[in-house]
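Next up is a structure, given as structure tokens.
The values are calculated or read from the model by the stated rules, or taken from the named source; none is laboratory data. Values in this document were obtained by computation on a predicted structure and should not be read as measured data. With ideal geometry, Cβ positions are generated from the backbone for all residues, glycine too; neighbour counts draw on all protein chains shown.
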Amino acid sequence: MEENIVSITVIDREGKEHKIDAPTDMNFNLMEICKASELPVEGTCGGMALCASCHCYVQSDNALPEASDDEEDMLDQAFFVEDNSRLSCQLPITNDLDGLIVKLAPVDETVA
Amino acid sequence: MIKTDILIIGAGPCGLFTVFEAGLLKLKCHLVDALPIAGGQLSEIYPKKPIYDIPGYPSILAGELVDNLMEQIAPFNPGFTLGERAESIEKVEEKLYRLTTNKGTQIEAPVICIAGGLGCFEPRKPPIEGLAQFEEKGVEYMVKDPEKFRDKKLLIAGGGDSALDWTIELADVASEVTLIHRRTSFRGALDSVDKVMALAKSNKVNLITEAQAVGVNGNGVLKEVIVKTKERGEFTKDVDYFIPLFGLTPKLGPLADWGLNINRSAIEVDTLDYSTNVPGIYAVGDINTYPGKLKLILCGFHEGTIMVQSAFKYIYPDAKLSFKYTTVAGVNGFE
């Protein structure tokens, strides 16, 4: 692991893998990293766990901070929620995230 | 018919501050907002959250900022049409637009400033196949009149305050109330959670946790909802009404069809004056986009300030506009 850089894999909604190097010393969260990499993550509320537009599934077994009540509350209003669901805005980029694999959850659109 | 100089769509912080800057140029404003209160996201989503990047305020609660903005613009006596969504615009004549809201209110102005933030807040609809065909035929996203549900079989989904409150309220009205929720714990007010638990214990409410609705069936009207739980797998529940209560989500709404250039749910503007591709229509705040855009309240304040200068020249092309500092001239309100 390079100093202050972790490697993260984001799988987009088409199943394509994106390997991203993310800095640990710039106070970013995973939603911001996805947006900066031009992945289709809205982050509508700006990272306050208030919109669920950065909902993702964690597919690796990295040690992650527990979801706060705010995050769980927001996930209650989201759809396609699974046991491994997280809001990526609530995952700060730390050394623990090295090797993380996440998949973007489907977008919040009603199936006609 | 309401007439004004600048019709502002969206009464969030940027829309409100634009009233102040317009007022300094003696332009009158009228604001329209789909929400029943002013303040936009700040009032609807995070009134109790502190904001740290408003110049001059090391920390200010979102709700307080809205109160202060309302006080700041009061001298300019803006008009408000709240709880109504801006639905359509038409060009009445050169330099005159007429806007109609979803409730039929009409407002005329030479300039429209869209300060719509994330768009209008609408109920979040669960992604269940075929759900849309039962809207108003058994599927309701909000409870307007509890009497509608008298002696009916209801399935309510959600874990927040509105799901809990309506479960409590409708338990006495409906013949059967089932509440389903994704988790075993609820995020609503503790008192409401206790009440629902008590109702479940006395079998007045059928509470199913770690569950979600995954399908709907019917024949013209809704007949049943397919519920999936961790414990029991999928099963079918006969219902008269399915009421999913998953909060509100912003949607761009009708203005997406107004002929404006839209890029990823935002309106493209020229940073010279925050004008859109349609003459006389401007967009400020979170709803606009341009290279280098930052969705910050303070940037929206700047955009509104620049925008009203351009709007003045658009309305009065022959008038001379001399910029005055408030420190020199003070704030002269309208009668």
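Residues in the stretch B:122-131 that are more than 10 Å from every other protein chain (Cβ to nearest Cβ) and crowded, with 21+ Cβ neighbours inside 10 Å: how many?
Of the residues in the stretch B:122-131, 0 are more than 10 Å from every other protein chain (Cβ to nearest Cβ) and crowded, with 21+ Cβ neighbours inside 10 Å.
To keep it simple, each residue is scored yes or no on (1) buried (at least 20 other Cβ atoms within 10 Å of the Cβ); (2) not charged (D, E, K, R).
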| site | (1), (2) |
| --- | --- |
| B:VAL205 | yes, yes |
| B:VAL225 | yes, yes |
| B:LYS230 | no, no |
| B:PHE235 | no, yes |
| B:LEU255 | yes, yes |
| B:THR271 | no, yes |
| B:THR276 | yes, yes |
| B:VAL284 | yes, yes |
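With the requirement that a residue be away from chain A (no Cβ under 14 Å) and among the aliphatic types (A, V, I, L, M), what does the stretch B:171-195 give you?
Those that are away from chain A (no Cβ under 14 Å) and among the aliphatic types (A, V, I, L, M): B:ALA171, B:VAL173, B:ALA174, B:VAL177.
Of these, B:LEU99, B:LEU154, B:LEU61, which one is surrounded by 16 or more Cβ atoms within 10 Å (Cβ to Cβ), in the same structural domain as B:TRP258 (by TED's automatic domain parsing), modelled with pLDDT of 95 or more and out of contact with any Lys or Arg (no Cβ under 9 Å at 6 or more places or on another chain)?
Going through B:LEU99, B:LEU154, B:LEU61 in turn, just one is surrounded by 16 or more Cβ atoms within 10 Å (Cβ to Cβ), in the same structural domain as B:TRP258 (by TED's automatic domain parsing), modelled with pLDDT of 95 or more and out of contact with any Lys or Arg (no Cβ under 9 Å at 6 or more places or on another chain): B:LEU99.
Continuing with this model, one more query. Taking the stretch B:190-240, which residues are part of a strand (DSSP E or B), acidic (Asp, Glu) and closer than 18 Å to A:PHE80 by Cβ?
Matches in the stretch B:190-240: B:GLU234 only.
Filter the stretch B:296-322 for residues that are without any contact (Cβ under 8 Å) to a residue 12 or more places away in the chain, not polar (S, T, N, Q) and not in a helix (DSSP H, G or I) and give the result.
Within the stretch B:296-322, B:TYR316, B:PRO317, B:ASP318, B:ALA319, B:LYS320 meet the criteria.
A quick yes/no check of all residues on (1) under 25 Å from B:GLN106 (Cα atoms); (2) small (Gly, Ala, Ser):
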site: B:ALA22; (1), (2): yes, yes
site: B:LEU25; (1), (2): yes, no
site: B:GLN41; (1), (2): yes, no
site: B:ILE51; (1), (2): no, no
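Inspect all residues belonging to the stretch B:36-58 and state whether any of them is surrounded by fewer than 24 Cβ atoms within 10 Å (Cβ to Cβ), touching a Ser or Thr at 6+ places or on another chain (Cβ under 9 Å) and more than 13 Å from chain A (Cβ to nearest Cβ).
yes
Another question, then. Filter the stretch B:1-57 down to residues that are more than 20 Å from the chain's Cα centre (by Cα) and among the charged types (D, E, K, R), then give me how many there are.
So the count comes out to 6.
Would you mind stating whether B:ILE51 is without any contact (Cβ under 8 Å) to a residue 60 or more places away in the chain and assigned by TED's automatic domain parsing to the domain that holds B:ILE114?
It is false that B:ILE51 is without any contact (Cβ under 8 Å) to a residue 60 or more places away in the chain and assigned by TED's automatic domain parsing to the domain that holds B:ILE114.
Could you check the stretch B:41-67 and list, in sequence order, the residues that are closer than 28 Å to B:GLU122 by Cβ and of a type in the set (D, E, K, R)?
B:GLU44, B:LYS48, B:LYS49, B:GLU64, B:ASP67
Let me ask something else. Anything in the stretch A:73-86 that is more than 7 Å from chain B (Cβ to nearest Cβ) and buried (at least 17 other Cβ atoms within 10 Å of the Cβ)? List them, or say none.
Listed by number, the residues that qualify are A:MET74, A:LEU75, A:ALA78, A:SER85, A:ARG86.
Among the helices (runs of 4 or more DSSP H) confined wholly to the stretch B:1-98, which include 2 or more residues that are under 26 Å from B:GLN309 (Cα atoms) and touching a helix residue (DSSP H, G or I) at 6+ places or on another chain (Cβ under 9 Å)?
B:13-24, B:62-73
Spot the failing condition for A:PRO65; the list is (1) assigned to a helix (DSSP H, G or I); (2) under 26 Å from A:ILE5 (Cα atoms), and only one is missed.
(1)
If I filter the stretch B:111-151 down to residues being part of a loop (DSSP other than H, G, I, E, B) and under 30 Å from B:LYS95 (Cα atoms), which single residue comes out as modelled with the highest pLDDT?
Selected residue: B:ALA115.
Something else: Please specify each residue of the stretch B:241-272 satisfying the condition of being more than 14 Å from chain A (Cβ to nearest Cβ), in contact with an Asp or Glu (Cβ under 9 Å, 6 or more places away or on another chain) and in a loop (DSSP other than H, G, I, E, B).
Answer for the stretch B:241-272, where residues must be more than 14 Å from chain A (Cβ to nearest Cβ), in contact with an Asp or Glu (Cβ under 9 Å, 6 or more places away or on another chain) and in a loop (DSSP other than H, G, I, E, B): B:LEU260, B:ASN261, B:VAL269, B:THR271.
Would you mind stating whether B:LYS152 is under 15 Å from B:TYR241 (Cα atoms), in contact (Cβ under 8 Å) with a residue 24 or more places away in the chain and either β-branched (Val, Ile, Thr) or out of contact with any Cys (no Cβ under 6 Å at 6 or more places or on another chain) (or both)?
Here the answer is yes, as B:LYS152 does meet what is asked.
Being touching a Gly at 6+ places or on another chain (Cβ under 6 Å) and in contact (Cβ under 8 Å) with a residue 40 or more places away in the chain is the filter here; which residues of the stretch A:61-112 pass it?
Scanning the stretch A:61-112 gives a single hit, A:CYS89.
Please go through the stretch B:219-245 and give me each residue that is touching a residue at least 40 places away in the same chain (Cβ under 8 Å) and on the phi > 0 side of the Ramachandran plot, ordered by number.
The one that is touching a residue at least 40 places away in the same chain (Cβ under 8 Å) and on the phi > 0 side of the Ramachandran plot: B:GLY220.
Pick from A:ASP98, A:ASP69: which is of a type in the set (Asp, Glu) and within 14 Å of chain B (Cβ to nearest Cβ)?
Selected residue: A:ASP69, the only one of A:ASP98, A:ASP69 that is of a type in the set (Asp, Glu) and within 14 Å of chain B (Cβ to nearest Cβ).
Out of the stretch B:23-40, which residues are in contact with a Pro (Cβ under 8 Å, 6 or more places away or on another chain) and modelled with pLDDT under 95?
B:GLY40
Here is a list of conditions, (1) modelled with pLDDT of 90 or more; (2) at the interface with another protein chain (Cβ under 9 Å from one of its Cβ atoms), and A:HIS55 meets all of them except one; can you say which number that is?
Answer for A:HIS55: the failing condition is (2).
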